[in-house]
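Here is the structure we will look at.
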Amino acid sequence: QVQLVQSGGGLVQPGGSLRLSCAASGITFSMLSMGWYRQAPGKQREWIGYILSGGNTNYADSVKGRFTISRDDAKTTVYLQMSNLKPEDTATYYCNVIWGRGNYWGQGTQVTVSS
């Protein structure tokens, strides 16, 4: 059974930083690409970025230079380090993996950027 369990998030002031974690189980983690998405109220889910099995990353222009995705294969965990946060980054954040015929999502973590 595939599970993605997220942690982290919360309330942060503009310019602050947060780190989200996504612990995976039930998959061959080290062989898979992992993605991050977010969804703001009233908006469609937006792709943020991904990390390949070898560690290469790619990011949406809206977060490039501020967000960093990393992974720890030994802990089967992917991270989203967010810096210089802006109010427009407020959203529910989701990790994602495609495994076999399934498309799996974490439970979502709320990030609120506000003074």
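Taking every alpha-carbon pair under 8 Å whose residues sit at least 6 apart, the chain reaches a relative contact order of 36 percent. Per-residue extension of 0.36 nm, minus the Cα-Cα distance of residue 31 and residue 99, leaves a gain of 23.5 nm for this segment.
The 3J(HN,Hα) values that the Karplus relation (6.51, -1.76, 1.60; θ = phi - 60°) gives for the stretch 90-98 are, in residue order, 4, 4, 8, 9, 10, 9, 8, 8, 9 Hz. Gly and Pro appear as x. Here residue 43 is the anchor, and the lysines within straight C-alpha reach of less than 27 Å, apart from those fewer than 8 places off in the same chain, are 64, 86. In a reduced charge model with +1 at each Lys and Arg Cβ and -1 at each Asp and Glu Cβ, the stretch 49-99 shows a dipole moment near 60 debye about its Cα centre.
Heavy-atom accessible surface of the chain, averaged per residue, reaches 53 Å², computed with a 1.4 Å probe.
Over the chain, with every protein chain in place, what whole percent of the accessible area is carbon and sulfur at 1.4 Å, could you tell me? The C+S portion of the solvent-accessible surface of the chain is 46 percent.
The values are calculated or read from the model by the stated rules, or taken from the named source; none is laboratory data. These figures come from a predicted structure and were not determined experimentally. Glycine also receives a Cβ, built like all others from the backbone with ideal geometry; neighbour counts cover every protein chain displayed. Just so you know, the surface numbers come from the protein's heavy atoms only, side chains and all, with ligands and any DNA or RNA stripped out. Shrake-Rupley method; radii C 1.70, N 1.55, O 1.52, S 1.80 Å.
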